[in-house]
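Each reported figure results from applying straightforward, stated rules to the coordinates on display, with no laboratory input. Fair warning: this is a prediction, and the values are worked out from it, not measured in the lab. Heads up, the Cβs are rebuilt from the backbone with ideal geometry, glycines too, and the neighbour counts pull from every protein chain shown.
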Amino acid sequence: MWQLVLLKNLLKGPATEAFPFGEATTPAAYRGRVAFDPSACTACRTCQYVCAAGAIHFEERPDGLRFTLWHNSCVFCGMCQHYCVAKAIHLTTDWHLSHEQARKYEMVEEGWVPFRPCLQCGELMLPATPPLMRLAYRGDSKEIEALRHLCPKCRQTRAAGRNS
Amino acid sequence: MPETLKLIFQVLVFPGGLFALCLGLCLKGFERRIRARLQRRVGPPLLQPFFDLAKLARKDTTIPEGAPACLFSALPFAGVCSMAIAAAMIPITGVHLAPAGLGDILVLFYLLAIPAIVLMLAGSASGSPFSAIAFSRELSIMMAYEGPILLVILTIAIRVGVSQGGWIALSLNDIIAYQQRYGAFLFDPVMWPALLAFLVFFPANLGVAPFDIPEAESEVLDGPLLEYSGPLLGLFKMMSAMKAGVVIGLGIALFYPNAPGGALGLMCFVLKCFVVSSLGVAVLRTSMGRMRIDQAFRFLVIWPGILGLVSLVVVLWRY
Amino acid sequence: MSSLSRFAGKSPWLYRINAGSCNGCDVELATTAIIPRYDVERLGCQYCASPKHADIVLITGPLTTRVKDKVLSLYDEIPNPKVTVAIGICPISGGVFRESYTMSRPVDEYIPVDVNVPGCPPRPQAIIEGIAKAIKILESRS
Amino acid sequence: MTTTYKLPVGPLHVALEEPMYFKIDVQGETIAGLDITAGHVHRGIEYLTMNRNFIQNITLLERVCSLCSNSHPTTFCMALEQIAGIDIPPRAEFLRVIADETKRVSSNLFNVAILAHIVGFDTLFMHVMETREIMQDVKETIFGNRMDLAANCIGGVRFDLDTERKSYLGAQIDRVIPLVGKIHKLYLTDRTILSRARGVGVLSKSDALELALVGPVARGSGVEYDVRKKAPYAAYDQLDFEVVTGSDGDVWSRALVRIQEAEVALDLLRQCLQKMPEGPICASLLPEVPAGEAIAKSEAPRGELIYYLRTNGSDRPARLKWRVPSYMNWSALPLMMKGNKIGDIPMIVNSIDPCISCTER
Amino acid sequence: MKELQALLQRELDERVGEQNISLECRTNRKGVTTAWCRLKRIEDLLPCAQMVKALSGRLSTITASSREHARESGTHELAYHFDLDGDTLTVSLLLPLGAEVDSLTPLFRNADWNEREFMELYDIKIRGCLNPKRLFLDESIAPGVLDRLIPFSALVNAASTKTLWERILANREEGQ
């Protein structure tokens, strides 16, 4: 019985993958390097809240927010992606993360989320992202798009005026 | 004087020393490739054993605390030397005759025990408890196969000796000459029990599955060599490579030495070595696991013992 | 002798140290090291049982206080030249366990690490990639 | 050769995947006694869970141990859902079974493969591992990682199977089933396995009960206890399966129980694919968790896993404690080892499928 | 599983007296019951354990914890989880600081590791403990780590997290 297996092995030839001398296949669902899209981020910081590994860092400055994710602490669980309503964060299939020690602290994904002045009062604020607006106002229109560039206070006033 | 020079050449370069080393390493590289193929792998480059040695030559050597430094470093040299001499004693039909100055088959047989003894001493010199276990295992395996294999040699020696009109022939050259004239023992059913017994001796002596117990990685780490590193470890690797060549060569001389002379004879010899090592060693290693030491001891005492006795009785009765 | 140095990269023997890992990386290391699909023997690699025989050390796990001294003494036993690879995020940064009371600091504060392979656990191909980087370093050191 | 001496094994020993320190009293080649020193993988996770919120804990608990990595978050979520009063959707129940059983196949095959490795039978080891690779590919393709599935969230699961993935999973199961069947046959007939594993490390049924053993170790000695039957959870009450038991209580019988359980698991996967209803996969995204306490149990690949959770209305556990199957199985080692040979030590240790990172947390 | 509740109630009344316990049973939709029994007196633990033994149950595990509201007064809670053929009975009791609790190891052999574990994690004393050796904790860590809100070493490690992030951020500034 066992000799049969050996004979079959001999005839079948190696089952070894080409990698590292050739390309390796990667499934589409693979959870690898994290990518951050600052233009979609609403700075709700849910990703930081759900991150068990303490890999996400937000740094608040007067003119915006700086997002940093360190791949050397990230466990690639994908919770940040799962809980991000704005879909600003997602895990790519890139697994080529090995690096020399000198680059240890460079293994980051970062993004700058700038505050913009409110079109009405000029106060610095974070414009709401389109998906979030769609979620909140259940629709898509020019008017809603305009609301996006207002600070929450002005938005409230505007919405109140519209309703009355 | 030229006799002595010739002897030194035989021990150091051909067929001992350098030749045996290269042959042993090539056999090992080839065997690893075959084994990989049987396991559906690509395996290492053919020259991998050479690379390993080259690398070991450049590594640091550490001597464990409390170990007798002199003995610790002298042992591998002793092992390599014994194998170089043993290799010079293996006749290659039509190419090389065993030099009478070195002794007969019994001397060779005891030379073959030296690597095991060296390993045992190496184990006890390192002072690790695992090495101690490896020591006792090596010893019991050796004790188990020593007796039966003497029976096999006796059988052959008597058969050849009787044909010469004497009682016993201990010269390997005579054994070869006999087979050249009357046909190889491999094809003689009378000798098959002895052959089988020798086939069991093979893996037991070389430490190949199912008898790789002293070096069982999962039980006693790397056995006696646990504490060795760098060039000294390299010497041990050389020793075991040469030993493989010697044991296989001995097998060929005892059972199937027939070959034409000259360069063709040398090629025949090398080819036979490769066949034995790929068919025997590689297949054995891939097709079974390891025995427990008590099982191995029992197996080694009983089966080759019975087979050896049978062949001895048959030979005594027929000739 | 220097001509021998180019063979170092052709015969890197691997040794694995588990410094308190969840065994994910270890299982992947075992997989990478021995099974036909990845077959690191192609690169001349070989797993060795004794630290004295090792060229490349693979460390997994976040280095717990109880295992720390044993890991350090084992590391010292490995003869030079040697290259250290940290497998998984635990030895690199402590990962999810960083703030526990049984953790020592990241491994690179105690022993010189040369290559990091982040992941939890990294897939075998990523480990091979890390080993390939380590082999380059080993060549330059021999 | 009758002098007794102490043989230290570990803590960093090649035969052990993980650090554990044994001191073994040896007489010649026979084992006379055994002392275990644990704690090298104690990472203080219980303490960490009290300092992390529930969502972080799902990820953290997955890192308790990689071989049963899915059982931990599943059981934790079960306890949490009990307190929060959430009933997970029917589809999620099936998906949880799929994640769990996929892990079980891989985990059991790994243990059985290591058995072959320990007896020095590397070709068989590779043969089993190559079969396991198919399941590893399944995990990577469906869940995105070969060890940690990240399948769970509070109130359900995070992954779904569309038609394409469903047929992929089905095809892979069909590939693995005959291969595992062959492995089963090999372990029943191979001489090396038989001579090394049969009659080694015997544990009687009464000892297994006395020591409160669980999982394949207990079932190998004839104790018929399986949480999936005794205290059904997820979709196990809607699936057909038998509890596998052995009778000899030796290393061999435990290995066979594991192979057969892998076969059962594959069958369960197939059933899930057939019976799984359509519908949502998660009840609610971020539920409020009131104060309360709950117990949840599940059958991890190594046996019963039990979680106790107490909450106080905040977003963190007030106390979270779990006991893994390996925890008790360690205490069976001295009984199994007595009178066996040194060469059997790794076999016996492996036969309880020890999960040190699980035990020590 | 009404029978289980009735059975437990009857047995417990008999062994420790109705006034000394409170019993509550919950059965989920799969028919699995968890029973919760609170003991008012520490000495009732042994009779309870004997009852479980008589019902051929087994000890699953023991949870020790410090009750938040009682942290200052140092009250511990011990919860013994027993398995009754699939259903779970949890027997819990409050333990004032310095009080001893009976060892269950003579009844359930697997209690040994559990007891050693809470001895080191919470510094709880056990009467009749046969094997008071450390289980997991290194000797360098003081007993009762889980009692302290923030163990000292964790404080140090939190600082190391901070250092790590400072290095990452500093590195990034350099890069720009």
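Summary table
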{"item": "For A:106-114, mean number of other protein chain Cβ atoms within 10 Å", "result": "2"}
{"item": "222 nm mean residue ellipticity, helices alone, for chain A (DSSP H n ≥ 4; -39,500 (n - 2.57); rounded to 500)", "result": "-7500 deg cm²/dmol"}
{"item": "Calculated FRET value between A:Glu123 and A:Ala28, using beta carbons and R₀ = 41 Å, to 0.05", "result": "0.45"}
{"item": "Cysteines (scope chain D) whose Cβ has no counterpart Cys Cβ under 4.7 Å", "result": "D:Cys68, D:Cys77, D:Cys153, D:Cys272, D:Cys282"}
{"item": "³J(HN,Hα), Karplus 6.51/-1.76/1.60, whole Hz, each residue of region D:257-265, x for Gly, Pro", "result": "4, 5, 5, 5, 5, 5, 5, 4, 4"}
{"item": "For E:Thr90, residues with placed amide H under 5 Å, excluding near neighbours", "result": "E:Ala35, E:Trp36, E:Cys37, E:Phe82"}
{"item": "Cβ neighbours within 10 Å from other chains - mean over D:338-345", "result": "4"}
{"item": "Ordering of B:287-297, B:142-152, E:47-57 by packing [mean C-beta count within 10 Å, highest first]", "result": "B:287-297, B:142-152, E:47-57"}
{"item": "Radius, Kirkwood style, for chain A when every pair of distinct Cα atoms is counted (Å)", "result": "19.5"}
{"item": "Simple label model, 7 Å out from Cα along Cβ direction - A:Ala160 to A:Ala146, nm", "result": "1.9"}
{"item": "For region C:91-108, Karplus couplings with θ = phi - 60° (6.51, -1.76, 1.60), whole Hz, Gly/Pro x", "result": "x, 6, 9, x, x, 5, 9, 3, 9, 7, 6, 9, 9, 7, 6, x, 4, 5"}
{"item": "Helix-only [θ]222 nm of chain D, DSSP H runs n ≥ 4, -39500 (n - 2.57) each, per residue, nearest 500", "result": "-15000 deg cm²/dmol"}
{"item": "Average other protein chain Cβ within 10 Å of Cβ, residues A:8-18", "result": "6"}
{"item": "Karplus-derived 3J(HN,Hα), 6.51/-1.76/1.60, for each residue of region D:341-347, Hz, glycine and proline x", "result": "9, 3, x, 8, 3, x, 4"}
{"item": "Burial ranking of peptide ranges B:76-85, E:16-25, A:108-117 (average Cβ count within 10 Å, highest at the top)", "result": "B:76-85, A:108-117, E:16-25"}
{"item": "Taking D:Thr311, A:Thr46 and counting other C-beta atoms within 10 Å, the order from fewest to most", "result": "A:Thr46, D:Thr311"}
{"item": "Amide H within-cut-off set for D:Ala32, under 5 Å, with H built and near neighbours excluded", "result": "D:Asp25, D:Val26, D:Gln27"}
